[in-house]
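*Asks:* Quick one: this structure, given as C-alpha cells, is what I'll be asking you about.
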Amino acid sequence: MTDFTPLEAPITDITGLPLMHPGRPVGRDDMLKTIFAQLQSQEAVLLHGDSGNGKTALAAALATVFIQQGRSVIWLNGRTHPLPALLVQLGRALGVDDVTTTEQPASRVGALSTALTDKRPIVVLDNVEDAYAVQQFIDKAADNIPVMILSDDDLDGSWNKVAVTPLQDTDAVVLFKQKSGIKSNDFDIDIYGITKLVDYQPLSIALAARGMVAAKQTPGDYFKNLKMVTQNSGDSAMAAIALNYRALSNVLQGVLLMLGATFRGYASVDLIAKVSGVPEDGIKQAVTILSQLYMVQKYTVYGKDYYSLHPLVYDFTQAALQGQNQLANLQAKIHTATVEYALDNIDQPENLAKEMTNFLATAQWATDNGNRDTANDLVSILTDADDFVQDGGYVYELLTLRNLGSGSTTAFPAYEPEPTLASANDDETLYEYEDDIYEEIDSDAYGYDDDFLDDDDESIHDLPAPEDTILGAVDDDDFDTPDLGDLNIHEGMDSQALRTDALQGIDLDQLRLALTQAKQQDDTARIIQIYKAIGKVQVGQDKETEAIATYNELLDIYENDGDEEGILDTLNMLGALLTKTGNSQAAVMHATRGIQMAKSQEDSITELQMYIIMGDARQDLGETQAAVESFQDGLEVARKTDDRQHEAILLYKLGNAHLDNGDVDDAVHSLEQARALFKEQVRRGYEGQVLGALGSAYSERAQWSEAIGYHTSALYIAREVEDRDEERLQLSSLAQAQEQANKVGEALQSYRQALHLAFETDNRNEIVSAVVDLVRLLLISPVHLDIAMMLLNEALEHDPDDRDVLALRDEVTELRADATAKGKEQRPVTGTAQAYAANAYQLLEQ
C-alpha cells in the first residue's frame, strides 16, 4: 500500500473538483457573494433547491476561490449516510488512522476534530438527503470549519440557508447562448421560448443547447420539438433529456442505459467494460459524445475514466429501463460482473478503492433481493487483498459488508467516491461523431455555422485588367482588421487572416504599378483598395516593416478624407504590426487613439482588440501593471458583449501579465478560466498554451509536481496539434521543473528532446540556449564531460561569441583535467550532437 492516496484526499488544485469548473455561473453573482462571506466566517451553509438548478456548479465556483487562496477542499458526494460513515471518509481524507482503523469511528471523533482544526479545509457535502448525520458532524467536529451542504430539500439545522432557484429569464437566455455558441440576437425569441419551456433550469438549458447544436437544428425547430415532448410527458425537467435521448444512436443509448442500470448511477470504464464486454476504447468514445451532450459527467479516478449520471438523468434511465422490462436483468448482470471485478483486482488496491461504493451498493441490492452470499463473498475478497482494508482505512466498509451478510440492520453507508477531473488529453469534439449519432436534418435556414463563427464576406471586387487576378487573390474585405483571436498574432503574425501560401508568389511590383495608375487617375477608392492589397501581401511575405509604411500611407488617406471607420481599422492593423516588430511605444500611441475612437463609434469588437494591442505593447515595455489593467478593460468589454472567444484570449493574456507582475494566485485564477473556455470551444492548441502557462505559475510557487503535470499535458497537446515551437518550449519548461524536482534523468531526456527540435528548426538562438541548459545539468556528473564538450563545440559553431557557452567551455576544460588526474573515465562520445539529441527524441515517438 505504498503511496496509496485516498479517494477523499483534500483537493488543492481546481482540476480535482468533481465537475469541470464552468467559470462564474450565469446570473448568480449576488448569491456567490453571500455564500462566500458566510464561509469566510467559518459558518455552515445549506444550498437547497430542485435537482438541476446548479447547486454543484455554485459550490465548485466557491471551492475554486478558496483553493486559489491556498485552502484545500474535501468534497464528498454524500446522499444519506450515518455519522460513522461520514467520519470515516473524512478520516481517510485527513489521514486520521484512529478513525479509519476502528470499528467504532464515532468514538474517535476528537482526533478528527483536531485534524480539521489543524488543516482548515473547506468541506463540501453534495447530494445530502438527511440532515441528522451532518448536524452531528458539525456539532462534534466542525463547528469552526466552513461547510457547504448541497441538498434538493430545505433541511433544518444550525446552518445558513440559501435557496438555489431557476434562473431569471434574461440569464437563462444568456446561458443557452453560451452553451450553444450563438452570438447573434436573431434567435432570442425562440431561445426565450426554449428556456421558458424548461422552467429556466440551468441543467435543462445546457442539455437543450447542446442537443440543438448536435442535431444541427435552428432554435425555432428545436423549440417546436421540445414543446411536443413536454406536452406528451408533462415534465419540463425531463423534456430535454428525453429529446436528446431519442436522437442518440442505438449504441449510445445502450451505453447510457448501462450506466443507468448501475446501483448508484456511476462506474469506471473498466467496470463498465467488464459488465458489457465492450472494449474500453469503445466505451470511452461513446461517453465522450454523451459528456459533450451533458448526459454523462466524465472524470478520472486513479488514472481511469470514471462516469456518473446527474440524478435527473439517472432517474430518466431507470424509468426507461423499467418501461422496457430490462432493469432487473441488467442489474443482475451488473451484480455478477461487480463481484468478478473485485476478485480480478484483488491485488490492485486503487481499483478496489475506486469501486468500493459499488461493492457496497451491489451487496445491498443483493441483500434486498434475499441474497446475503454476495456480501460475504466481497468480505472474503477484501480480507484476502493483503493489507488493503487496514492500510487503506476501509475497516468500517468491511464491517458494513459483514453486517449485510449476517442480516444486521446497520444502516448502509451510501456515499460516492471522489472523482477527479478528466485530463486535458481526453477532450474530443462533439462534431467528429455527430453523423453517426443524429439523423440528417436540413439546416439551410440555420443562421450560424457549425463552428459558431460569423461568416466572413468573401466577395471579390471587380477590378479592371490587368491586375484583376492579383487583387482578387488578395481581396481586402477579409483583411481590414487583424484576427486577434489568434494567440500568436503578435508573436508570429501567421494566422489565416494574415498569411496564406497563395500570397508568397504574388508580384508586389504589379500592385505598385496599379497603384501608380490609380493615383494618376485620382481614384481614391481604388487607391485605398490597392494599398490594402499591398499591405496584405507584405505581411504574407514576412515584410512587416514595409507593411507598416504601407498602412501609414493608408492612414494618411483616411485622415484626409475624415473616414473614421477606415482610420480605426488601420490603427488596429498598425497596432498589431508595431507590436509584432517591437515598436511597442508607437503601438501604445495608436492603441490609445484607437480605443477612444472605438468607444465613440460604439465598436466593441475593435475596442477590445485595441485593448489587447495595448496590453501586449505595455507588457513588451515591461509595464506589467499597465498591461494587467489593459487586459482587464478588454475583458470587461468581452463579457459585456458575450464575446466568449475574445474573453478566453484576454483571460490567457491577463494570466500571463499577472505572472509577469508576480501575482501568481491571480495568474492561476485567470488561466484556469481561460482553460475552461478554450476547452468548451474545442480550441486544443490554445488550451495547451494555457496549460503551459499554468505550469509556469506552479513553478513560481515551487510546486514542481504540479508544474510537471501541466507542462506534460501542454506537451501532449502541442504534439497533437503539431506545433513544433510550442512543443520545444514545453519540453524546455518541463525539463526545468523536473530538474528542480530532482528528477535529473527525466530532465536530461527532456533537455535533449528540446535540443532536437531546436536543431530541426535550425534556430541559432534556441540551439545555443538548449545546449547551455543541457550542459549545466550534465556537469552534475563528472563522467559526462566529453559529451558536454561536444555539445559546447556545436553551440560555438552557431554562435562563436556567446558568453555563456564560452564560460561553460572553460569550466568543462578545467573539470576534465581534474577528472583525468583522478582517473575518472568518461562516457564515450559517439556520433554528433544532433544524433545525441535525436536519440532521446525517439522516445517520444514510441
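The values are calculated or read from the model by the stated rules, or taken from the named source; none is laboratory data. Since the model is a prediction, treat every value here as computed from it, not as a measurement. FYI the Cβ positions are ideal-geometry reconstructions off the backbone, even for glycines, and counts take in every protein chain you see. Accessible surface areas use protein heavy atoms only, side chains included; no ligands, DNA or RNA. Shrake-Rupley method; radii C 1.70, N 1.55, O 1.52, S 1.80 Å.
*Asks:* Kindly state, as a whole number, the per residue volume in cubic angstrom of the convex hull around the alpha carbon atoms of region 721-846.
*Replies:* Each residue corresponds to 105 Å³ of Cα convex hull volume.
*Asks:* Using only the alpha-carbon atoms, how far is helix 508-520 inclined from the longest principal axis of the chain? Give it as 0 to 90 degrees, nearest 10.
*Replies:* 60
*Asks:* Would you grab the residues whose amide H sits under 5 Å from the one on Ile149? Only those 5+ places off in sequence or on another chain, please, with H modelled 1.01 Å from N.
*Replies:* Result for Ile149 returns Val45, Leu46, Leu47, Leu125.
*Asks:* I would also like to ask the following. First compute the accessible area of region 261-405 with a 1.4 Å probe, then give the percent of it belonging to carbon and sulfur atoms.
*Replies:* Carbon and sulfur atoms account for 44 percent of the accessible area of region 261-405.
*Asks:* Among Thr5, Leu515, Pro311, which residue has its Cα positioned farthest towards the positive end of the charge dipole of the chain, with +1 placed on the Cβ of Lys and Arg, -1 on the Cβ of Asp and Glu, and the dipole taken about the Cα centre?
*Replies:* Thr5
*Asks:* Continuing with the same structure: Test of understanding: what is the full-extension gain from Gln42 to Ala319, defined as 0.36 nm times their sequence separation minus their Cα-Cα distance?
*Replies:* Between Gln42 and Ala319, full extension yields 95.6 nm more.
*Asks:* List the relative contact order of region 163-213 as a percent without decimals, with contacts defined as Cα pairs under 8 Å and 6+ residues apart.
*Replies:* That works out to 50 percent.
*Asks:* Mind listing the long-range amide H neighbours of Val164? Cut-off is under 5 Å, sequence gap 5 or more, other chains count too, H placed in the peptide plane at 1.01 Å from N.
*Replies:* His48, Gly49
*Asks:* Could you go through region 11-16 in sequence order and give the Karplus-derived ³J(HN,Hα) for each residue, using 6.51 cos²θ - 1.76 cosθ + 1.60 with θ = phi - 60°, rounded to whole Hz, and x for Gly and Pro?
*Replies:* 8, 10, 9, 5, 5, x
*Asks:* Given the pairs Lys33/Lys140; Lys274/Lys304; Lys354/Lys743, which are separated by over 18 angstrom at their Cα positions?
*Replies:* From Lys33/Lys140; Lys274/Lys304; Lys354/Lys743, over 18 Å: Lys33/Lys140; Lys354/Lys743.
*Asks:* Compute the signed sum of charges (Lys and Arg +1, Asp and Glu -1) over the other residues within less than 13 Å, Cβ to Cβ, of Met258.
*Replies:* Residues near Met258 contribute +2 overall.
*Asks:* Given H placed on each backbone N at 1.01 Å, which residues far from Ile11 in sequence or on other chains put an amide H within less than 5 Å of it?
*Replies:* Amide H neighbours of Ile11: Val73, Ile74, Trp75.
*Asks:* Assuming R0 = 41 Å, what is the FRET efficiency of Lys33 and Tyr132, from their Cβ-Cβ distance, to the nearest 0.05?
*Replies:* Taking R0 as 41 Å, the efficiency between Lys33 and Tyr132 is 0.85.
*Asks:* Let me ask something else. Distance in nm between label sites at Glu565 and Asn329, each 7 Å beyond Cα in the beta-carbon direction?
*Replies:* Between Glu565 and Asn329, the simple spin-label model gives 6.6 nm.
*Asks:* Apply the Karplus parameterisation 6.51 cos²θ - 1.76 cosθ + 1.60, with θ equal to phi minus 60°, to every residue of region 549-560 and state each ³J(HN,Hα) to the nearest whole Hz, in sequence, with x for glycine and proline.
*Replies:* Using θ = phi - 60°, the values come out as 4, 4, 6, 5, 5, 5, 4, 4, 5, 4, 5, 5 Hz.
*Asks:* When a/c is below 1.5 the answer is rounded, else prolate if a/b is larger than b/c, else oblate, so apply that to region 293-358 with a ≥ b ≥ c taken from the square roots of the Cα gyration tensor eigenvalues.
*Replies:* Taking the square roots of the gyration eigenvalues as a ≥ b ≥ c, region 293-358 is oblate.
*Asks:* Which residues among region 260-297 fall inside the zone where the amide N is under 19 Å from a point 7 Å beyond the Cα of Asp235, along Cα→Cβ?
*Replies:* Those under the cut-off are 260-266, 294-297.
*Asks:* Among bridges DSSP assigns within the chain, what percent are antiparallel (round to 5)?
*Replies:* Counting DSSP beta bridges with both partners in the chain, the antiparallel share is about 40 percent.
*Asks:* What's the FRET efficiency of Glu760 with Val783 using the Cβ-Cβ distance as r and R₀ = 30 Å, to the nearest 0.05?
*Replies:* 0.60
*Asks:* Separate question: Counting other Cβ atoms within 10 Å, keep those with at most 11, restrict to DSSP loop, and tell me which GluC sites (Glu not before Pro) in region 696-753 are left.
*Replies:* Loop-located and lightly packed - Glu722.
*Asks:* Quote the relative contact order of the chain in percent (integer), defining contacts as alpha-carbon pairs under 8 Å separated by 6+ residues.
*Replies:* Taking the mean separation of contacting Cα pairs over the length of the chain, I get 9 percent.
*Asks:* I need to check one value: relative contact order of region 535-590, counting alpha carbon pairs closer than 8 Å and at least 6 residues apart, in percent.
*Replies:* Dividing the mean separation by the residue count of region 535-590 yields 28 percent.
*Asks:* Also, quick follow-up: Starting from the Cα-Cα distance between Leu815 and Ser600, subtract it from 0.36 nm times their residue separation and give me the gain in nm to one decimal.
*Replies:* Contour length minus Cα-Cα distance gives 70.7 nm.
*Asks:* Rounded if a/c is under 1.5, else prolate if a/b beats b/c, else oblate: with a ≥ b ≥ c from the C-alpha gyration tensor eigenvalues square-rooted, which is region 41-84?
*Replies:* oblate
*Asks:* By its C-alpha gyration tensor, with a ≥ b ≥ c as the square roots of the eigenvalues, how is region 47-127 shaped: rounded for a/c under 1.5, else prolate for a/b larger than b/c, else oblate?
*Replies:* Oblate.
*Asks:* Strictly greater than 22 Å: what percent of every Cα pair in region 559-702 meets that?
*Replies:* Considering region 559-702, 40 percent of its Cα-Cα pairs are separated by more than 22 Å.
*Asks:* Can you pull the accessible area of Ile708 for me, 1.4 Å probe, Å² to the nearest 10?
*Replies:* For Ile708, solvent-accessible area is about 20 Å².
*Asks:* Can I ask one more? Given the whole protein assembly as supplied and a 1.4 Å probe, what does the accessible area of Val772 come to in Å², nearest 10?
*Replies:* Ignoring ligands and nucleic acids, Val772 comes out at about 10 Å².
*Asks:* Now for a different question. Calculated from DSSP H runs of 4 or more alone, at -39500 (n - 2.57) each and per residue, what is the 222 nm mean residue ellipticity of the chain, nearest 500?
*Replies:* -20000 deg cm²/dmol
*Asks:* Apply the Karplus curve 6.51 cos²θ - 1.76 cosθ + 1.60, θ = phi - 60°, to the phi angles in region 664-672 and return the couplings in whole Hz, x for Gly and Pro.
*Replies:* 5, 4, 5, 4, 4, 4, 5, 5, 5
*Asks:* Tell me the label only: which of (i) 30.7, 102; (ii) 32.4, 113; (iii) 27.6, 92 is Rg and Dmax of the Cα atoms in Å as calculated from this structure?
*Replies:* Step by step, Rg and Dmax of the Cα atoms in Å for this structure corresponds to label (i).
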